[in-house]
Amino acid sequence: MSSYFKCNDVSKTYPKGQMALRGVTFEIPASGIFSLIGRNGAGKTTLVRILATELMPSSGDVFIDGVDIIKDPDSIRKRIAIIPQEARAISWLTPMQTVTTFLLYRGMKYAEAKARSREVLKELGLTSVADKLNRTLSGGQKRKVLVAALVASDADILFMDEPTTGLDPISRAELWDILSELKKNKFIFLTTHYLEEAERLSDRIGILDQGEIKAIGTMSDLRAMVPKKYSISLIDRDHGSVEIENNGSLMKIGSRIFVDDNEAYVIARDLINKNFRFSINPVSLEDIYYSIARKEIGGEEGVQD
Amino acid sequence: MYRTSQMAASILVNAIYAMKNFPITLVNTLLSPLSFLLVITLASHGRLLSVSVGGALIMSMISSGIGLQGDLSHLKNDFKLQDMVVSSPTTASVYIVGMAISEIVYSIPAIAVLGILATIYIHTTVLGVFQIIAVMVLMFSFSILLGFTLATITYDIIQSWAFSGIISTLMSTIPPVYYPITYIPMPFRYAAYASPTTYGAELVQNAIGFAHLSGTAFMVDWIILIMINVVFFIIAVKKARWREV
């Protein structure tokens, strides 16, 4: 039987009364990359901390491969590892020492941990800084050191809470490559508020808003949840501020319109006849996110500025 | 075997690697307990040297707890190490024992120097040596339990620094650790007994022959030290937040 995650009516209210999760229920296969997206304060970190056995929910059950991790967290801790949000590589250690100690905490013998650390730091291109203090590394390198610790571990379920926040585009792209490789052998539960990142990396995506799961599934599943399947954008610069009226919708330069198959054909032909330059694409995760979280796509007013 | 690895991880992170990468920390750990010893010895024209060495040993033990609460808070709040360890096969007790040992390892330079001074300047019986060692063990366990309890309720390094200063003053500066309790004027002497270190210091001073406790006072001091450890153990177990609620 393949691995799976099952959350059943998980709620969390913090001692001061703040309700972070409201009856979160979902079941997903534990393979590839699952991205949980949502705005700041949506409850992503709370959910990850519960799944990683750091935090008790106020109510509900969580099962990983049939193991009740709320009642029996020790049974799953050998299989999981996490980079928490705001985690930093300890400043007075070197990358080599950081990864080695992480592996020791996971029960590996010292000699084995050192050898494995050296191997993984090499794989991630950190050999040249392996013996420098973490505090002297760049932000991207520091983040890679933490990822290296997870990569080196024997855990097959990895939680990463906003691992690319604050990284420059190149460092982020490097991390994406690492995660894409890593997902071949391990399950990665990722939280992010970069929608492009989630769309590019994920096999499955969940949208969390105000403590509730609003949608969950593959990109195809999510696209099926919105009534319009394509977006058309005017990219014409020659016409300046010219507005055109088409199919009942008012389009401006730089704006998008969401349409179904038939509308797409009609509007595209019309725009070609009027000599406008435009692009037509399947709706993106960003479009779907706004649709589900804000209910903006699909109605007659379906133009997003 | 893997429990040993897990304890070693804490010792490496919090002591060995810190000392290896920043050797200046060795000087700091060495100087802290010696500073008061020097001042008291000079002020008493050497008369309180043996008492001060005993006091410095007690302060070393208390410093472990002060260090532990600061280090645990720093690692938990600023690096999220504890969160990473919670989601691993390492248990709370293994993590804490490892961290406690790391504080002792960190104090080894000071303990070594104080041990040499104690051998030279403290003249006592074999039974007295065992008593001093027993007091140090109880002082160490008390300070570790106190440090651990405080670390669980600390959310910022600023709080942690404040706790460090308060504990240090209340446990090893104000109480008669480096000098006999008889030096404190009578109405204030009772206040000194609010600190567990006072009982430890009395027993050490009794063991080296500087103070002479009655049989009853001797027993009471031991019972109080043991009871304080039991109480703080219960508080630490109840207050400890490994998996947050």
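The values are calculated or read from the model by the stated rules, or taken from the named source; none is laboratory data. Keep in mind the model is a prediction, meaning the values are calculated, not measured. Because the Cβ atoms are built from the backbone with ideal geometry, glycine has one as well, and the counts that use them run over all protein chains shown.
Cβ-Cβ under 9 Å, sequence separation 6+ or interchain: first residue in segment B:213-241 and closer than 20 Å to B:ILE153 by Cα, partner surrounded by fewer than 14 Cβ atoms within 10 Å (Cβ to Cβ) and modelled with pLDDT under 95. Which pairs?
Note: pairs meeting the criteria are B:LYS239/B:ILE153; B:ARG241/B:ILE153.
Any idea which of (1) of a type outside the set (Val, Ile, Thr); (2) within 11 Å of chain B (Cβ to nearest Cβ); (3) touching a residue at least 40 places away in the same chain (Cβ under 8 Å) is the one A:MET160 doesn't satisfy?
Here A:MET160 meets the rest and fails (2).
Restricted to segment A:15-40, and to residues that are small (Gly, Ala, Ser) and not in a strand (DSSP E or B), which residue is surrounded by the fewest Cβ atoms within 10 Å (Cβ to Cβ)?
Per the criteria, the residue is A:GLY17.
When you go through B:LEU117, B:LEU170 one by one, which is the residue that is part of a helix (DSSP H, G or I), aliphatic (A, V, I, L, M), surrounded by fewer than 22 Cβ atoms within 10 Å (Cβ to Cβ) and over 15 Å from the mean Cα position of the chain (by Cα)?
B:LEU117
What residue, among those in segment B:65-82 that are more than 15 Å from A:PRO84 (Cα to Cα) and polar (S, T, N, Q), is farthest from the other protein chains (Cβ to nearest Cβ)?
This residue is B:GLN69.
For A:ARG294, work out the one condition from (1) at pLDDT 70 or above; (2) loosely packed, with under 13 Cβ neighbours inside 10 Å it doesn't fulfil.
(1)
Considering only residues that are within 14 Å of chain A (Cβ to nearest Cβ) and surrounded by 15 or more Cβ atoms within 10 Å (Cβ to Cβ), which ones fall in segment B:22-35?
Result: B:THR25, B:LEU26.
Out of (1) over 12 Å from the mean Cα position of the chain (by Cα); (2) modelled with pLDDT under 90, the odd one out for B:SER107 is which?
Condition (1) is where B:SER107 drops out.
Test A:SER11 against the stated conditions and say whether it is more than 10 Å from chain B (Cβ to nearest Cβ), in contact with a Leu (Cβ under 8 Å, 6 or more places away or on another chain) and at pLDDT 95 or above.
For A:SER11, the condition - more than 10 Å from chain B (Cβ to nearest Cβ), in contact with a Leu (Cβ under 8 Å, 6 or more places away or on another chain) and at pLDDT 95 or above - is met.
With under 23 Å from A:VAL226 (Cβ atoms) and modelled with pLDDT under 80 as the only criterion, which of A:SER279, A:SER255 stands out?
Criteria check complete, one pass: A:SER255.
With respect to the numbered conditions (1) more than 7 Å from chain B (Cβ to nearest Cβ); (2) within 12 Å of A:ARG143 (Cα to Cα); (3) under 24 Å from the mean Cα position of the chain (by Cα), which one is the sole condition not fulfilled by A:ARG79?
It is condition (2) that A:ARG79 fails.
Being within 19 Å of B:THR152 (Cβ to Cβ) and either in contact (Cβ under 8 Å) with a residue 12 or more places away in the chain or buried (at least 22 other Cβ atoms within 10 Å of the Cβ) (or both): is that true of B:LEU81 here?
It is true that B:LEU81 is within 19 Å of B:THR152 (Cβ to Cβ) and either in contact (Cβ under 8 Å) with a residue 12 or more places away in the chain or buried (at least 22 other Cβ atoms within 10 Å of the Cβ) (or both).
Which condition breaks for A:ARG223 when tested against (1) under 13 Å from the mean Cα position of the chain (by Cα); (2) surrounded by fewer than 21 Cβ atoms within 10 Å (Cβ to Cβ); (3) of a type in the set (D, E, K, R)?
So the condition that A:ARG223 fails would be (1).
Going by the structure shown, is A:LYS109 within 13 Å of chain B (Cβ to nearest Cβ), free of Cβ contacts under 8 Å to residues at least 24 places away in the same chain and over 26 Å from the mean Cα position of the chain (by Cα)?
It is true that A:LYS109 is within 13 Å of chain B (Cβ to nearest Cβ), free of Cβ contacts under 8 Å to residues at least 24 places away in the same chain and over 26 Å from the mean Cα position of the chain (by Cα).
Just the residues that are away from chain A (no Cβ under 14 Å), of a type in the set (D, E, K, R) and either more than 30 Å from A:LEU47 (Cα to Cα) or not in a helix (DSSP H, G or I) (or both), please, taken from segment B:220-245.
Matches in segment B:220-245: B:ASP221 only.
Quick check on my filter: what residues within segment A:170-205 are part of a helix (DSSP H, G or I) and not hydrophobic (A, V, I, L, M, F, W, C)?
Passing the criteria: A:SER171, A:ARG172, A:GLU174, A:ASP177, A:SER180, A:GLU181, A:GLU196, A:GLU197, A:GLU199, A:ARG200.
Tell me, yes or no, whether segment A:29-46 has at least one residue that is over 24 Å from A:ASP203 (Cα atoms) and of a type in the set (Lys, Arg).
Within segment A:29-46 (the criterion being over 24 Å from A:ASP203 (Cα atoms) and of a type in the set (Lys, Arg)), the answer is no, since none of the residues qualifies.
In segment A:64-79, which residues are in a strand (DSSP E or B) and either touching a Leu at 6+ places or on another chain (Cβ under 7 Å) or surrounded by 17 or more Cβ atoms within 10 Å (Cβ to Cβ) (or both)?
Within segment A:64-79, A:ILE64 is the sole residue that qualifies.
Please go through segment A:263-281 and pick out each residue that is part of a loop (DSSP other than H, G, I, E, B) and either in contact with an Asp or Glu (Cβ under 9 Å, 6 or more places away or on another chain) or on the phi > 0 side of the Ramachandran plot (or both).
If the condition is that a residue be part of a loop (DSSP other than H, G, I, E, B) and either in contact with an Asp or Glu (Cβ under 9 Å, 6 or more places away or on another chain) or on the phi > 0 side of the Ramachandran plot (or both), then A:ASN275, A:PHE276, A:ARG277 are the ones that fit.
Which residue, of A:LEU175, A:LEU150, A:LEU167, is within 26 Å of A:GLY43 (Cβ to Cβ) and touching a strand residue (DSSP E or B) at 6+ places or on another chain (Cβ under 7 Å)?
None of the other options fit; the residue is A:LEU150.
How about segment A:2-23: which of its residues are without any contact (Cβ under 8 Å) to a residue 40 or more places away in the chain and among the aliphatic types (A, V, I, L, M)?
Within segment A:2-23, none qualify.
For segment A:128-167, which positions are farther than 16 Å from A:ALA89 by Cα and part of a helix (DSSP H, G or I)?
Correct list: A:SER128 only.
What number of residues within segment B:149-159 satisfy the criterion of being surrounded by fewer than 24 Cβ atoms within 10 Å (Cβ to Cβ) and either touching a strand residue (DSSP E or B) at 6+ places or on another chain (Cβ under 8 Å) or part of a helix (DSSP H, G or I) (or both)?
Going through segment B:149-159 one residue at a time, the tally reaches 5.
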